[in-house]
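Visitor: Okay, here's the structure, questions in a sec.
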Amino acid sequence: MHILVVKKGALGDVVRTSYFAKSLKRKFGPGLRLSWITAPASADLLRLNPNIDDLWFEFEQAKPFRFDRIYSLDDEPETLAGVAGLAADAVTGAILLDNRPAYTPDANEWFDMGLLSRFGKQRADELKKLNQRSHAQIFSTMFGVEQVRPGFYVDESCRRWAQANLPKAARRVGINPYSGGRWRSKELLPLELQQLIARVLDGSSPFGAGTAVILFGAGQDYTKNAALVAQQGAGNLVAINTDASVQHLAAAIGGLDYLISSDSLALHMAIAQDVAFTAFFSPTSAVEIDDWGIGTKVASTAPDYCSYRKDADNSTITADRIIEAIGRNPRIAGGRSSAAARG
């Protein structure tokens with residue numbers, strides 16, 4: 001049995017789709033060869049996964065093989081053309097049909113809500129908002145597997161780097177307020193961020209006293225974090241630079257007790273490593289993100305919630321609502337840190 005997964009981006013989607021590699025291995029046993037085509041930028045997310053036998057970046061690398069099934073999970077024209085040029089007994093997902101983008105019926109639930117939707121963009125957006133099934137539930141049906149669980153494989157050298165660079169504290173709480181600049185409406189407003197930091201540092205949040213706050217953000221977002229740290233002048237507030245690689249980001253998040261985050265790669269890194277979280281959502285769907293019993297969510301109450309608009313109203317995502325959601329998290333209510341829960 002030889003299966004090919006084609007999933008190049010976005011990075012968070014690559015992470016949560018990679019959970020299914022183990023499920024497929026469990027389903028088909030040691031006779032399964034599992035290959036994966038991804039983008040070079042996603043390589044660090046997959047290269048240590050022991051359930052993936054081949055990690056490729058070009059469709060040419062797959063051409064010598066005939067696959068029992070291809071899971072085609074991206075909708076870019078060049079990717080669809082690449083899939084069309086491969087030999088396979090079956091394809092699930094996005095395809096070219098009569099040289100036009102389409103998707104197979106067994107992938108309707110997912111692609112009906114996307115850019116390729118057979119119903120058009122307006123209805124696709126309505127379906128996103130009506131959807132009550134998470135990514136893991138939808139993809140479990142698509143892959144025909146059960147018992148999928150999050151997981152991520154961290155480079156040990158990056159783990160040692162994180163241990164050396166994270167502050168020593170009774171509890172480490174990460175805040176990832178940004179989204180890389182592409183989705184400003186995913187972000188936490190500056191005033192709310194400042195109020196959230198103040199609540200966590202002064203001991204009045206559910207985390208209690210002795211908590212260190214670690215600010216996450218890449219590139220220009222790191223620069224903003226560093227400026228905020230300098231402005232605050234608090235010894236237990238730090239900005240961590242994880243620009244070296246996504247493995248560094250994963251290792252730093254894996255060393256946290258809790259993460260407060262936008263809908264972003266950082267959030268998926270926390271989920272994959274069993275780090276308790278509270279996430280906030282304005283333009284994207286909160287329902288689609290699995291909480292796995294370790295997370296709570298804050299969704300916008302604005303009319304354009306889940307509109308997938310980059311200018312969606314994020315003003316209802318407040319520090320007060322985030323603090324309330326933290327208090328509802330089973331890990332906090334039960335008095336267990338993520339580090340303790342992971343053993």
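The values are calculated or read from the model by the stated rules, or taken from the named source; none is laboratory data. Keep in mind the model is a prediction, meaning the values are calculated, not measured. Heads up, the Cβs are rebuilt from the backbone with ideal geometry, glycines too, and the neighbour counts pull from every protein chain shown. Heads up: the accessible areas ignore ligands, DNA and RNA and are worked out on the full protein's heavy atoms, side chains in. Shrake-Rupley method; radii C 1.70, N 1.55, O 1.52, S 1.80 Å.
Visitor: Which one of 163, 20, 50 has its Cα pushed farthest toward the positive end of the charge dipole of the chain, where Lys and Arg give +1 and Asp and Glu give -1 at the Cβ?
Guide: Farthest towards the positive end: 163.
Visitor: Net charge near residue 26: determine it from the other residues with C-beta under 13 Å of the C-beta of residue 26, scoring Lys and Arg +1 and Asp and Glu -1.
Guide: The answer is +3.
Visitor: How big is the charge dipole of the chain about its Cα centre, in debye rounded to the nearest 20, if each Lys and Arg gets +1 on its Cβ and each Asp and Glu gets -1 on its Cβ?
Guide: About 720 debye.
Visitor: Another question about this same structure. How much of the accessible area of segment 269-326, in percent, comes from carbon and sulfur atoms when a 1.4 Å probe is used?
Guide: Reported share for carbon and sulfur atoms: 52 percent.
Visitor: Got a sec? Charge dipole of segment 1-131, +1 on Cβ for Lys and Arg, -1 for Asp and Glu; which of 97, 85, 124 is way out at the positive end?
Guide: The residue sitting most towards the positive pole is 124.
Visitor: Based on C-alpha coordinates, I'd like the Rg and Dmax of segment 111-161, in Å.
Guide: Looking at segment 111-161, its Cα Rg and Dmax stand at 16.8, 49 Å.
Visitor: Of 240, 138, 114, which is farthest towards the positive pole of segment 108-260's charge dipole, taken about the Cα centre with +1 and -1 on the beta-carbons of Lys, Arg and Asp, Glu respectively?
Guide: In segment 108-260, that residue is 114.
Visitor: Further question: Let me have the relative contact order for segment 248-333, percent, based on Cα pairs under 8 Å that are six or more residues apart.
Guide: After rounding, I find 25 percent.
Visitor: Each label point is 7 Å from the Cα along the Cα-to-Cβ direction; what then is the distance between the points at residue 33 and residue 155, in nm?
Guide: 2.8
Visitor: While we're looking at this one, here's another question. Semi-axes of segment 273-333's equivalent ellipsoid from the Cα gyration tensor, sqrt of 5 times each eigenvalue, largest first, rounded to whole Å?
Guide: Equivalent ellipsoid semi-axes, largest first: 22, 13, 7 Å.
Visitor: How large is the dipole of segment 1-156 about the Cα centre if only Lys and Arg carry +1 and Asp and Glu carry -1, each at its Cβ, rounded to the nearest 20 debye?
Guide: 440
Visitor: Averaged over all directions, how much area does the convex hull of the C-alpha atoms of the chain cover when projected, in nm²?
Guide: 17.0
Visitor: Nearest 5 percent is fine: what portion of the DSSP beta bridges confined to the chain is antiparallel?
Guide: Just about 10 percent of them are antiparallel.
Visitor: Let me ask something additional. Using a 1.4 Å probe on the protein heavy atoms, what percent of the accessible area of segment 1-111 belongs to carbon and sulfur?
Guide: 52
Visitor: Then there is this: Hey, if you drop one equal point scatterer on each alpha-carbon of segment 184-243 and run the Debye formula without solvent, what base-10 log of I(q)/I(0) do you get at q = 0.16, 0.24 Å⁻¹?
Guide: -0.51, -1.06
Visitor: Is there a quick way to get the dipole size of segment 147-269? I mean about its Cα centre, with the Cβ of Lys and Arg at +1 and of Asp and Glu at -1; what is the value in debye to the nearest 20?
Guide: About 100 debye.
Visitor: If packing is taken as the mean number of other Cβ atoms within 10 Å per residue, what is the order of 115-127, 319-331, highest first?
Guide: 319-331, 115-127
Visitor: Taking 20 Å as the cut-off for C-alpha to C-alpha distance, list the pairs among 7/63; 8/310; 8/121; 128/310; 8/129; 186/224 that go past it.
Guide: Pairs exceeding 20 Å: 8/310; 8/121; 8/129.
Visitor: Return one whole number: the accessible area per residue of the chain in Å², for a 1.4 Å probe.
Guide: On a per-residue basis, 43 Å².
Visitor: Using Stokes-Einstein with the Kirkwood hydrodynamic radius over Cα pairs, what translational diffusion coefficient do you get for segment 1-141 at 25 °C and a viscosity of 0.890 mPa s, in µm²/s rounded to a whole number?
Guide: 158
Visitor: Please express the Cα-Cα pair-distance distribution P(r) of segment 166-265 as a list of whole percents, one per 5 Å bin, running from 0 to the bin with the greatest distance.
Guide: Percent of Cα pairs in each bin: 2, 14, 25, 28, 20, 9, 2.
Visitor: Next up: Could you tell me what percent of the accessible area of segment 117-157 is made up of carbon and sulfur, with a 1.4 Å probe and every protein chain present?
Guide: Carbon with sulfur: 48 percent of the solvent-accessible area.
Visitor: Next question, about the same structure. Any idea what Rg and Dmax come out to for segment 3-81 if you just take the C-alpha atoms, in Å?
Guide: 11.8, 34
Visitor: I would also like to ask the following. Cα-based Rg (one decimal) and Dmax (whole number) for segment 222-341, in Å?
Guide: Rg then Dmax for segment 222-341, in Å: 15.0, 40.
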